[in-house]
Structures are given as C-alpha cells and as structure tokens.
Amino acid sequence: MSVATARSVQRPLRTKIIATIGPASESHEMVTKLVDAGVSIFRFNFSHGTFEEHAARLRTVREVARAQRRVIAVLGDLPGPKIRTTRTTDEGVMLEAGADALIRADVEEAFVEDGVAVLGTTYESMIDEVAAGQRVLINDGAIRMLAVGAEERPRQLRCRVLVGGLVTSKKGINLPETELAAPAITDHDWTCVEWAVEHGVDLLALSFVRRPEELLDLKQRLSGMCAMDRGSADEAGTQIPIVAKVEKPQAVARIEEIAAAADAVMVARGDLGVEMDLAQAPAVQKRILSACHEWGKPAIVATQMLESMIESASPTRAEATDVANAVYDGADCVMLSGETAVGKRPALAVETMRRICSEAERTRGEFGASAPAPRALIASRYRTAALAHGAFHVARDLRARLVVCWSQNGGTARYLSNHAFDAPIVAYTSDARATRRMTLLSGVTPLLSEPPASGRLSAWCEQIDADLLERGWVREGDAIVLVGGLPLGEVRSTNTISTHYVGQSDTSRPLE
C-alpha cells in the first residue's frame, strides 16, 4: 500500500471562509498564513483604500495562491450609494437628546450655530427625499433622530435628536423609511467595476441592492466590458458573477426576485441590522437563506461574526454559536470583515472560524435542517440539474467518499452544490478563472487540470485516481460518483453519472 493510501483521509471544509484584506493582513506573510488557515476568498472593500493599494494586494494574493498551489478567489465589494456625514473637527460635534440638528448639503465641515449642530451630508438630495416623521440614523444607529421637515434659506433638513452622541468625520447615515432616488451603482462604482474587469477580479458584490433590476443593469454593463476583454460576451463563463448584498428593507421585501437575478446573495447584517428592527434580524437572515436555497444560489453570511476578535484572542460564546448556526442553516460561505482587515490577530480569527465550521459540519446531521431540492431547478427540468439530483441519491446509497465532476465553467458544480451531499464534491476544470469562481460553492473543492488526451472516461478515472490518492482524499477501493460528459473539457457536455471504485478501473460504468 502506498503512503498516500495509508495515511488518514482528509475532508475539505464544506463551508467557505471569506476574509477581508486590509492593513492588518496585506503582507505576503500574513496572506500566506490566512490561506493556510482556511481562507478561500479574499474580499477587497472598495470603500477603503486606493486602486494602487488594491493592485498591490491583488498581486500578493495571486502570488501566494500560485506558491501554495491553491485556488483562491478575489471578491470586489462595490461601495454603493453609502450616505455619510462630511468632516468634523477632531473633537467632533455632540448631539444632545431633545435638541434639534440641521443637515445641509453645502456644509464641508460640521459646526454649531446658535446652539444648534449643523452637519453636512454627501447626498445632496437627502434634504428633499426625507419626509417628516422618518428616521435619520447616524453611526450605525448609535445616534437616532426623527426628521421634522425641510426648510428653505438655507436649504436644510431639521431633525429632532432622540438618542444623542458624538458625531465625528464621515459617519454613515441610514434612512430606513426613505425611498431614495439614488442609483444603486454610482459613478465611483462604475470606475471600480472597470478596474475589476481590467485586473481579473473573480467576483463582484453590489451594495445596497433594492430591486432585481439593479443587478440586471450591472450584468448588462458587464457583458459589454467582458466582450471587449474576452472577445465574446456570449461565451458561457465570461461574465463576472454578481453577489447581491441584502442590507435594505426594500431588498428583503423582494428577496425572491433578487435571489433569482443574482449569482449569489450576501446577508450583509451591518446596515441591515441598522435599517430594520434588531429583533427581526434572525428571522430575516433565515428568510434570505431560504430564498437562496429555493433558487439554488450560494449564500454568504457576513458582519460581526467574530467581532470581538478584532481585539481579543478568542470570540464570545454567542459569536461561536452565530457562526455554527449559519452552517446549520446552510450558508455556503461565512465572512470576516474587521477581524482580518484591521484586527490584531487575523490568522487566529480565521483558524477559529474554521474550527467552529468544522465542528458544525460534523454535527450538522443532528441539528441542521436538510435543505429541499431547489424549486427553480425542479421547475426548469434542466438536464444537468436532474443529473445532479440523481447523483445525490447515488452517492447517498453508495456512501461515496467523494463526488467528482468535470465542470468546465462551474455550472455542474453549482447544481451539485445545491444538494446537501454528505461527501465532498471535487470539481475539475481546465479554466483557471472558473476554479476561482467555484470557491463560492459550499462543499465544492475546485481543481485545475487538463482533460486526458484521449478524452475517454476510463482515462479520466486513472487520472483522478492518481490525483486524489496523492492528496490523501481517498483510499484504494473507496466508492466515488463521477458526473461528466464527453468530450471532457467542453461546455454543456455533462450527460453521464458513473460509479467508480478507486484503483479498480474495470468498475467504472455509466448508470443506465
């Protein structure tokens, strides 16, 4: 027996970890540690930093991925129409409960006039769009006000302070009851999109989504950009997948349509938790995850998952439970923000999240609800979706060690990921970009490989046997389920389910 077959079999982590890269994690050494700790995707937050800084970080991630021979994706997070206050002095401006505060669009630095605080805003139309009686929240809801009404000469919005506090420079403003006319994609966002296409960013997240049409607008614009970049926007796989960030009540109200239009959905609990009643947040998260399951779309749970680890060496018990519950509820990915971007111990935060996810996956059968087959895929009667559904039952009945597919652009892997396989899914492709895009898919480990020269299924079996044994993911004689088609390496050729026993080439046979 070879060394590879004698050692213990390793199981890749089903739930993917996304880490935000920032000042605390941008060095080559730290990126290497984060990849070793379990990061599959690095989030680039375009709300902070320059394009020069992002380009340097991108080079580092790509260099580490090549050195480690790992598939690591990059997610570009577009800022969206985030409304903020303008500058204040270093001391800030104190708002007292019961007092009035004024908001003007022409104020570059806040001041106090006749005992009334006057703040600036980055969104000029706010003065006209906020109606009397609507809430105005500052600094993630720490400061709460009610709009009294707009005033002329000067043009300003008068607010009554309900919960006061200190306002410092460029704090976020949330308007949960106001229907804003601001586009979801700003001019700066379009600049970020162009940069992302030019630099080969793998995934894009659209912030403050309110309507599915906003996602379709971005996809249409991207098709044109990718056509110029790749020669044809019609070729499958050329367009960057779009992650819809749900952080507005309007998006929650239309979550079914948004899940259908998006390539993936993020439960962005930061602004969402500010704009909605805090008591509703757990149910809203479950509703969003349920919509993702029904439409067969990857779901990301983000924000404050291990928040205390920005400073502390260990999370709270509540945070550990939060991460585990996301896994039990079927999240494909869990995300770290400040914990890795500016935290004191980025690698430890990732290692801690990985341990929690691993234990939750081990016990998921006891506590996690089994997700039904995606409703939209059942209705579509699409061939590959049907094959994936069949592979699920075959793998369960055989107690397969792995499910292995050839997924040239990631479609077959996505359909397989929609089912709660007990066995990990290994997805081969000869397209490097497709491997990185598949990092969003729970249970899927993407691998870059050329198809066998003969293109025959038996030759592929020999090829994957050698690869999987070397990685220590199988032993000789283990049952695996193969999903693929002929010729291997071509798009839309998936048409076969086969059973195979590792090291026994004569046992590979299509199911009839």
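The values are calculated or read from the model by the stated rules, or taken from the named source; none is laboratory data. Small disclaimer: the values here were computed from a predicted structure and weren't measured. Cβ coordinates were reconstructed from backbone atoms using ideal geometry, including for glycine residues, and neighbour counts include every protein chain displayed. Keep in mind that these areas ignore ligands, DNA and RNA; they rest on the heavy atoms of the full protein, side chains included. Shrake-Rupley method; radii C 1.70, N 1.55, O 1.52, S 1.80 Å.
Ignoring any ligand, DNA or RNA, what whole percent of the accessible area of the chain comes from carbon and sulfur when the probe is 1.4 angstrom?
Carbon plus sulfur share of accessible area: 49 percent.
Relative contact order for the range 40-99 using alpha-carbon pairs under 8 Å, separation at least 6, rounded to a whole percent?
After rounding, I find 47 percent.
Distance between Cα centroids, the range 84-122 to the range 458-503: provide it in whole Å.
64 Å
Tell me the accessible surface of E462 in square angstrom (1.4 angstrom probe, heavy atoms of protein chains only), to the nearest ten.
120 Å²
To the nearest 10 degrees, how steep is helix 383-398 against the longest Cα principal axis of the chain, on a 0 to 90 scale?
The two axes meet at around 70 degrees.
Which value, in Å² and to the nearest 10, is the accessible area of S337 when all protein chains are kept and the probe is 1.4 Å?
Here the accessible area works out near 30 Å².
Please report, for the Cα atoms of the range 157-220, the Rg to one decimal and the Dmax as a whole number; what are they, in angstrom?
16.3, 47
Pairs of alpha-carbon atoms within less than 8 angstrom and 6+ residues apart define the contacts here; what relative contact order does the chain have, in percent?
Once divided by the residue count of the chain, the mean separation gives 15 percent.
Testing the spin-label approximation: label points 7 Å from Cα along Cα→Cβ at E366 and F111. State their distance in nm.
6.5 nm
What number, in nm² with one decimal, is the all-direction average of the projected area of the convex hull of the alpha-carbon atoms of the chain?
25.0 nm²
Only bridges with both residues in the chain count here: give the DSSP antiparallel percent, nearest 5.
45 percent
Multiply the residue gap between S454 and R153 by 0.36 nm, knock off their C-alpha separation, and tell me the result in nm, one decimal place.
Gain on extension, S454 to R153, equals 100.5 nm.
Taking the alpha-carbon set of the range 41-126, what are its Rg and Dmax in Å?
Values for the range 41-126 (Cα only, Rg and Dmax): 20.3, 64 Å.
Give me the net charge of T85's neighbourhood, meaning all other residues with Cβ under 9 Å from the Cβ of T85; Lys, Arg count +1, Asp, Glu -1.
So the environment of T85 carries a net charge of +4.
Please report the net charge: other residues with Cβ closer than 10 Å to the Cβ of E177, K and R +1, D and E -1.
-1
Cβ under 13 Å from V483's Cβ, V483 left aside: what net charge do those residues give with Lys, Arg +1 and Asp, Glu -1?
Values: positive: R383, R414; negative: none.
Once all neighbours under 13 Å are counted, the net charge is +2.
So, R0 is 41 Å and r is the distance between the beta-carbons of D100 and Q304; what FRET efficiency does that work out to, to 0.05?
My answer for the efficiency is 0.80.
Once you put a point 7 Å from the Cα of Q280 and another 7 Å from the Cα of Q250, both along the Cβ direction, what distance in nm separates them?
1.5 nm
What pairs from K170/K245; K16/K219; K219/K297; K248/K344 go past 27 Å between their alpha carbons?
Flagged as over cut-off: K248/K344.
Going highest first, how would you order 111-117, 146-152 by mean Cβ packing within 10 Å?
Highest mean packing first, the order is 146-152, 111-117.
So what are the three principal axis dimensions of the range 14-75 from its Cα atoms, in whole Å, longest to shortest?
32, 23, 17
Hey, what did the range 386-512 get for relative contact order, percent, Cα under 8 Å, at least 6 apart? Walk me through the numbers before you get to the answer.
Values: 257 pairs, mean separation 32.2, N = 127.
Computed over the range 386-512, the figure is 25 percent.
Grab the beta carbon distance between N495 and T321, set R0 = 45 Å, and tell me the FRET efficiency rounded to 0.05.
According to the calculation, E is roughly 0.55.
Between D36 and A432, what length in nm is gained on full extension when 0.36 nm per residue of separation is reduced by their alpha carbon distance?
140.5 nm
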